[in-house]
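Inspection log for the structure reproduced underneath, given as structure tokens.
The values are calculated or read from the model by the stated rules, or taken from the named source; none is laboratory data. As the structure is a computational prediction, the values presented were derived from the model and not from experiment. Positions of Cβ are generated from backbone atoms using ideal geometry, with glycine treated the same way; all protein chains shown enter the neighbour counts. Just so you know, the surface numbers come from the protein's heavy atoms only, side chains and all, with ligands and any DNA or RNA stripped out. Shrake-Rupley method; radii C 1.70, N 1.55, O 1.52, S 1.80 Å.
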Amino acid sequence: AGDGYFDAKIVPLSSAYHAKQLDLNASGYIAATLLYPTDDNSSTGQLELKVIAGIPDRNFNVLTNGQYEHQFVYMPVKSVTGRVWLNNNLGAEYADLNSPDFNSTQQATASNDYKAYGSQFQWGRKADGHELVKLKNSNGTIIGDRKYATTTTKSDNPSNPKFIVSDFVIYDWRVTQDDTLWASESSPNNVCPAGYRLPLNPNGVDDSDNEFYVEFNSWSSKNSAGALSSNLKLVKAGVYQNRSGTYWSGSTSRNNVWAINFHRTLNLFGIDGRGAAMSVRCIK
């Protein structure tokens, strides 16, 4: 009666269990189904043992601009708070299946590890290519230029991958502001893999409901050094021009969107510039 637990050891029938190394099924594939008793009346529970070789980008098999531009593969990583995140920023070079630097388990080795910077999203916008960046030019110099051109024409449903440069009166890439685009896992424009979403700050304050605050309050130091030393290995990406370490959340408050900056010290802030370019790290 009541709560309890039991220990179990899972052993393959033969000397080795052979698993598919890169089966990009977002939910994994079932290696075994185990039944266990839940009471003394022959009731049973069911435990599914799943093997996950990698977490594919939401657009992994989606053509954008006539190309497979989002063939990124991520791995789950658990922080000291017990929450599960992706191990890299969306669009990181380490996660790019078509990059010579692809290594789905590799994380940033330094705060300025450009291979871990990833894509630069406008808040609430789909991964339509606007967020993609070119890390190097033909001479091998790190530049962080956008893959596609920019435009000043706003649109609620952009028909091209151009980065929409906004005015400073209503700093948004959209004509009509919409707070729901990244608000949850089921949001229409969610850019995170299936089962993941952007971290939330629903109350707009530093409390237990602020997933930024809870996570980053666990750092050894509230700055870029603490970000790198955490299990998430966060880098100073965000706005490429100054490598500031800025990351979007999925929460809004009036015209503001909550974000985090840890260039020098930890700073949780509200920004009204939804047309700005920032990094995205997804939480399960």
Using the alpha carbon gyration tensor of region 1-136, what are the three equivalent-ellipsoid semi-axes (square root of 5 times each eigenvalue), largest first, in whole Å? 37, 17, 16
Can you give the accessible area of residue 126 in Å² (nearest 10), computed on protein heavy atoms with a 1.4 Å probe? 110 Å²
Cα→Cβ-extended label distance, 7 Å offset, between residue 110 and residue 167, nm: 4.3 nm
Taking 86-94, 270-278 and ranking on average Cβ neighbours within 10 Å, highest first, one gets 86-94, 270-278
Span per principal axis, largest first, for the Cα atoms of region 170-284 (Å): 40, 31, 26
Alpha carbon convex hull of region 78-234, volume per residue in cubic angstrom: 150 Å³
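Want the number for residue 8 to residue 152: 0.36 nm per residue separation, take away the alpha-carbon distance, what's left? Please report the intermediate quantities before stating the final value.
Details: separation 144, 0.36 × 144 = 51.84 nm, distance 5.94 nm.
Between residue 8 and residue 152, full extension yields 45.9 nm more.
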To the nearest 20 debye, the chain has a Cα-centred charge dipole, built from +1 on Lys and Arg Cβ and -1 on Asp and Glu Cβ, of 920 debye
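Could you tally the net charge around residue 94, taking each other residue with its Cβ under 14 Å from the Cβ of residue 94, Lys/Arg +1 and Asp/Glu -1? Could the numbers behind the result be given before it?
Working: positive: 115, 233, 281; negative: 57, 93, 96, 101, 113.
Net local charge, residue 94 excluded: -2.
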Derived scalar couplings ³J(HN,Hα) [region 40-46; Karplus, 6.51 cos²θ - 1.76 cosθ + 1.60; whole Hz; x for Gly, Pro]: 9, 10, 6, 6, 10, x, 10
With θ set to phi - 60°, apply the Karplus curve 6.51 cos²θ - 1.76 cosθ + 1.60 along region 93-101 and write out the HN-Hα couplings as whole Hz, x wherever there is a Gly or Pro. 4, 4, 8, 7, 4, 9, 9, x, 9
For region 51-99: Kirkwood Rh in Å [reciprocal of mean 1/r, alpha carbons]: 11.7 Å
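Determine, for each peptide in 61-71, 183-193, the mean count of other beta carbons within 10 angstrom over its residues, then list the peptides with the highest first.
Put in order of decreasing packing, that is 183-193, 61-71.
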What full-extension length gain, to one decimal in nm, is calculated for residue 179 and residue 101 as 0.36 nm per residue of separation minus the Cα-Cα distance? 24.5 nm
Relative contact order of the chain (C-alpha contacts under 8 Å, at least 6 apart) in percent is 17 percent
Which whole-Hz ³J(HN,Hα) couplings does region 53-68 yield from phi under the Karplus relation 6.51 cos²θ - 1.76 cosθ + 1.60, θ = phi - 60°, glycine and proline marked x? 7, x, 9, x, 4, 4, 9, 3, 9, 10, 6, 10, 6, x, 9, 8
Which values of log₁₀ I(q)/I(0), to two decimal places, follow from the Debye formula for region 147-203 at q = 0.25 Å⁻¹ with a uniform point scatterer at every Cα? -1.05
